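Report on the structure given below.
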Amino acid sequence: MLYCLLLILAFFLPPSAFAETIVFKSGKTTEDKISEKTTTYIKVDINGIPITYYLDEIATIDGVAIQIDQDLGHERTKNGSFPEMEKEYQEYLKQLQSSDPQERDAAVIKLTQAVRTDARLVAPLITALNDENAKIRIHVIQALGRPELRRENVTRPLIEALYDKNEQVRSAAASSLGRLGDPEAIKPLIRALSDNSNWVVMSAIDSLDKIGNEQAIESLNALLTHSDKRIQNEARRVSNNLQSKYQSAIARQEAKKGNQQMQLKLDELKLPKEWQPLIVQLKSDSIYTRQDCIRGLAHFKDEEAVELLLVALTDTAPSIRQEALKAFNTEPLKNFKDRDKRILQPALTMLNDPAPEVRRVAADILGDFKNIEVVNALITALGDVDGGVVDASRRSLTRIGGITIEPLIRMLKEGDRQKRRIAARILGDSCDSRAIEPLTAALNDEDDGVRLAANNGLVNIKSNIQMSGDRKHETHQGAYIYENIVADLKSEHGNVRLAAARAARDSKDARFVDLFVPLLKDKDSNIQIVAYDIMRKSKDPKAVNALIEILLDESTDGYGFDQCITALASIGDTRAVPALIKALQKKNKHNLEYKIAQALGHLKDARAIGTLIDMLKMDTTDGNDLPVRAASQALHEITGENFGIDPLPWEKWWKEEKRK
């Protein structure tokens, strides 16, 4: 006790004129001039602003340890005065006793400004909470709702203010408790959700969003049927937030527990000493360290590396499980002698992992196993909520082939709409002749998507049959596909029509040329694109007249004009030459003169020579000489001559040629 008294006496000597080194218990250090010292706090001057630090936060001042004698703490006198307060504060404290509410309010405002730097003013402000004027009580409550004042025991007075007769005061108290951040306020705020004032309820909801925990969820959910829509919406939002926080906290606890179990498994491994550094890395709290370790293990094909990776599959972090599983699908572990035996069951288990990224890798790995257990697991995974898992499962089933056909046929007949679509797609990709009959039946499915997948699958199988030389199913299948595409092109669904159009293009059936001529002007630009593709690839002269008509139509847009020129050049019918020449006279050529010249050069018809020579005279002052150069190249392709872009040599040569 004597030592403490001496220390305190020394502490209250006049402040030094020099900056003193203050070391806080948190480890923070500052050098400031101390302007005031008391038994509980010091004040320092920072850029003219007085800042209060409490002694129980401070370790040393200028190397002297701070010890506080609890018996010498600051106390308020029994008569309600505050003798240690500065004179300016005493004036405000007197005003608090005034009969004039305006004077009392002015004093409160001054004190609430000062309390930011002097916590001694908390006590008189708490006393002012008993003021009969609601406006004054609100100002006090707003001032006390500051996180740094939690240690001044302001929580309890604010909780009591939740029962104030004035709803605005109660609302202010609920808001201040949220800003204060004291967990002690959670239960009172939950009770405030039953307040008869919507303002108080809204303030309580907002504060629970800041400091609430899982205890508030049930009461918030009870507000989902509240008569005020705003309260319903806010209660739902905050309830969801708190549930998410709670679940995250549980997940962190489970992750910690899970990793402890994984560490025990690592300790149980009897591995040589040279593997111990890798075990240490796998035990690291850092996900990045564990990831780097697993990526390194992927380059080994030792039994020890496999053992470590199998343990890593139990890591609580999804990214670690994913990396460990991927390691078994990369060189050199993919060629590890017992790889399939060691990874099959873990991969099947991880097909049900809570993390979709892990399930995707598991589905991909299982494509290496040709057994019915894997097939059934992958078929089940086709119903996964994650599209990536569905795609990986579909690709794996296609890779497995053979034994998947019968289960997929059953799924095509009995599954829901989504599974029937996927089954039809996989069966089509399989190119297995056993799929022809069920796919043909699926062309009459009630679902557009199933019919399209079945149709595309049959097209794929037909193409494979043609390439392999097996023409057993060709005639029947081609007819059926044509009829189905014709029907789907009349569908009201754009995606159905587009898929049917693409199937027609891929089938290379000449009958589609006549069918797609009207679709060159279809309102769906995607259908137009496919129609032009069909015309261009077919090289069918029957398409020429339709393309010429569109080419010369002044209403044809730039895309259609471009596609007509390209298609006519590709078909190679010289009937297009006069039309191409005439197109150069159109008002709107969409700056495609050069393309017309290229098409004329491709057709190699002498009737275009005069027109192309005239094109050499086009004005190029705007910097666009592309049509001139294209015309020169076209003349070279037609005549074999090469006079460049000067029209005079070409004219002279042409006159001589015509005399011959």
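The values are calculated or read from the model by the stated rules, or taken from the named source; none is laboratory data. Every value quoted in this text rests on a predicted model; they were computed, and no experiment measured them. Cβ placement follows ideal geometry from the backbone for every residue including glycine, while neighbour counts extend to all protein chains displayed. Heads up: the accessible areas ignore ligands, DNA and RNA and are worked out on the full protein's heavy atoms, side chains in. Shrake-Rupley method; radii C 1.70, N 1.55, O 1.52, S 1.80 Å.
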Out of 590, 310, 246 - ranked by how far each Cα lies towards the positive end of the dipole of the chain, with unit charges on the beta-carbon of charged residues - the top one is 590
Degrees between helix 303-312 axis and first principal axis of the chain (Cα, 0 to 90, nearest 10): 60 degrees
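Taking the solvent-accessible surface of protein heavy atoms with a 1.4 Å probe, what is the per residue accessible area of the chain in Å²?
On the way: 34420 Å² over 660 residues.
Dividing the accessible area of the chain by its residue count gives 52 Å².
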Inter-part gap, Cα centre of segment 102-154 to Cα centre of segment 505-554, in whole angstrom, is 82 Å
If every Lys and Arg gets +1 and every Asp and Glu gets -1 at its Cβ, then about the Cα centre the chain yields a dipole, in debye to the nearest 20, of 1860 debye
Determine the dipole magnitude for segment 129-247: charges of +1 sit on the beta-carbon of Lys and Arg, -1 on that of Asp and Glu, nothing else is charged, the reference point is the Cα centre, and the result goes in debye to the nearest 20. 200 debye
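Among 204-211, 305-312, 91-98, how do they line up by average Cβ neighbours within 10 Å per residue, starting with the highest?
Details: 204-211: 23.0, 305-312: 21.0, 91-98: 15.2.
Highest-to-lowest ranking by the protection proxy: 204-211, 305-312, 91-98.
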Whole-angstrom gap from segment 558-580 to segment 423-447, using each part's C-alpha centre: 39 Å
Given an 8 Å cut-off on Cα distances and at least 6 residues of separation, report the relative contact order of segment 277-432 as a percent. 14 percent
Would you give the gap between the C-alpha center of segment 388-422 and the C-alpha center of segment 347-373, rounded to a whole Å? 15 Å
Anchor residue 523: lysines whose Cα lies under 26 Å away (excluding residues fewer than 8 positions away in-chain): 490, 508, 537, 539, 542, 586, 587, 589, 595
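I'd like to compare 326-334, 615-623: which one has the highest average count of other Cβ atoms within 10 Å, and what's the full order after that?
Top of the packing list down: 326-334, 615-623.
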In sequence order, calculated HN-Hα J values of segment 172-180 (Karplus, 6.51, -1.76, 1.60; Hz; x Gly/Pro): 5, 5, 4, 5, 5, 5, x, 5, 4
Near the amide H of residue 35, under 5 Å away, which other amide H atoms are found, from residues 5 or more places off or on another chain, if H is placed in the peptide plane? 43, 44, 45
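Mind ranking 514-524, 587-597 by how tightly packed they are, going by the mean number of other C-beta atoms within 10 angstrom, highest first? Mind showing how you got there, number by number?
Working: 514-524: 16.5, 587-597: 18.0.
Order by mean packing, descending: 587-597, 514-524.
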For segment 343-428: span of alpha carbons on each principal axis (Å, largest first): 30, 25, 17
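Below 8 Å, C-alpha to C-alpha, sequence gap of six or more: please give me the relative contact order for the chain in percent. It would help to have the intermediate numbers written out before the result.
On the way: 867 pairs, mean separation 23.7, N = 660.
For the chain, the relative contact order is 4 percent.
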If I compute Cα Rg over 2.2 N^0.38 Å from the structure I just sent, which labelled value in (i) 1.63; (ii) 1.25; (iii) 0.99 lines up? (i)
Can you find, among 117, 231, 64, the residue farthest towards the positive end of the dipole of the chain? Put +1 on the C-beta of Lys and Arg, -1 on that of Asp and Glu. 231
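Go ahead and estimate [θ] at 222 nm for the chain from helices alone: -39,500 (n - 2.57) per DSSP H run with n ≥ 4, summed, over the residue count, rounded to 500.
Details: 34 runs with 398 residues, N = 660.
Using -39500 (n - 2.57) per qualifying helix, the result is -18500 deg cm²/dmol.
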In sequence order, calculated HN-Hα J values of segment 124-135 (Karplus, 6.51, -1.76, 1.60; Hz; x Gly/Pro): x, 5, 4, 4, 5, 5, 8, 4, 6, 8, 5, 4
What is the helix-to-structure angle for 593-603, meaning the angle in degrees between its Cα long axis and the longest Cα principal axis of the chain, kept from 0 to 90 and rounded to the nearest 10? 40 degrees
Hz values of 3J(HN,Hα) by residue in segment 385-401 - Karplus curve (6.51, -1.76, 1.60), Gly and Pro given as x: 6, 9, x, x, 5, 4, 4, 5, 5, 4, 5, 5, 4, 5, 5, 5, x
Can you pull the percent of the chain's accessible area that's carbon plus sulfur, 1.4 Å probe, other chains left in place? 50 percent
Give me the angle, in degrees from 0 to 90, between the Cα long axis of helix 626-639 and the longest principal axis of the Cα atoms of the chain, rounded to the nearest 10. 30 degrees
